[in-house]
1. Quick one: LEU9, LEU41, fewest Cβ neighbours within 10 Å first, how do they rank?
2. Among 107-116, 121-130, 89-98, how do they line up from the highest to the lowest mean number of other beta-carbon atoms within 10 Å?
3. Normalised by the residues of region 8-140, what does the relative contact order come to in percent, with Cα pairs under 8 Å and at least six apart?
4. Filter the trypsin sites (Lys or Arg not before Pro) in region 32-64 to those in DSSP coil with at most 11 other Cβ atoms within 10 Å of their Cβ, and list the result.
5. By the gyration tensor of its Cα atoms, with a ≥ b ≥ c the square roots of the eigenvalues, what is the shape of region 1-57: rounded for a/c under 1.5, prolate for a/b over b/c, or oblate?
6. Nearest 500 deg cm²/dmol is fine: what mean residue ellipticity at 222 nm does the chain get from its DSSP H runs of n ≥ 4 alone, each adding -39,500 (n - 2.57), divided by its residue count?
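What follows draws every value from the coordinates through simple rules; no lab data is involved. Since the structure is predicted, the reported quantities are computational estimates derived from the model, not experimental observations. Every residue, glycine among them, receives a Cβ derived from its backbone with ideal geometry; neighbour counts consider all protein chains shown.
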Amino acid sequence: MQISQLDHLVLTVADPDRTCAFYSNVLGMEIRTTDKGRTSLHFGTAKINLHRAGAEFSPHALMPTPGSADICLLTETPIKQVMEHLAGHQVDIIEGPVKRTGATGALLSVYFRDPDGNLLEVAKTIPPPNNQHRENTKNAA
């Protein structure tokens, strides 16, 4: 078996409405609710399903707890603009901008928390230096 990408993840939250407002207003995610009352946040080709603490849908994590997640989200927006946007929403930056290593290469990241205390990292990929890019292109040919 080989895993190709993440489809969705589940966040256990204290207040789904507060969580939806944060992820929608601050991060621009689309809120969707199914006819069965399940709420999710959509972005790109992925989604975050929300479970209210104490009323989780089965099956669920062994110990679902609000504030236990650590998530990295990629952006095309320059990090300086991300930081200005967060400041405009009164979101405190915990750390950043800092260089990190992501799944496919170098990142420039900022860290902050959502209403439940989950750690969020918003990162922009750092392109490889031009000579490294040319070398990778040459080797791929």
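1. So the ranking, lowest neighbour count to highest, is LEU9, LEU41.
2. 107-116, 121-130, 89-98
3. 22
4. In loop regions of region 32-64 (DSSP not H, G, I, E or B), the sparsely surrounded trypsin sites (Lys or Arg not before Pro) are LYS36.
5. Since a/c reaches 1.5 but b/c is at least a/b, the shape of region 1-57 is classed as oblate.
6. Estimated from H runs of four or more residues: -6500 deg cm²/dmol.
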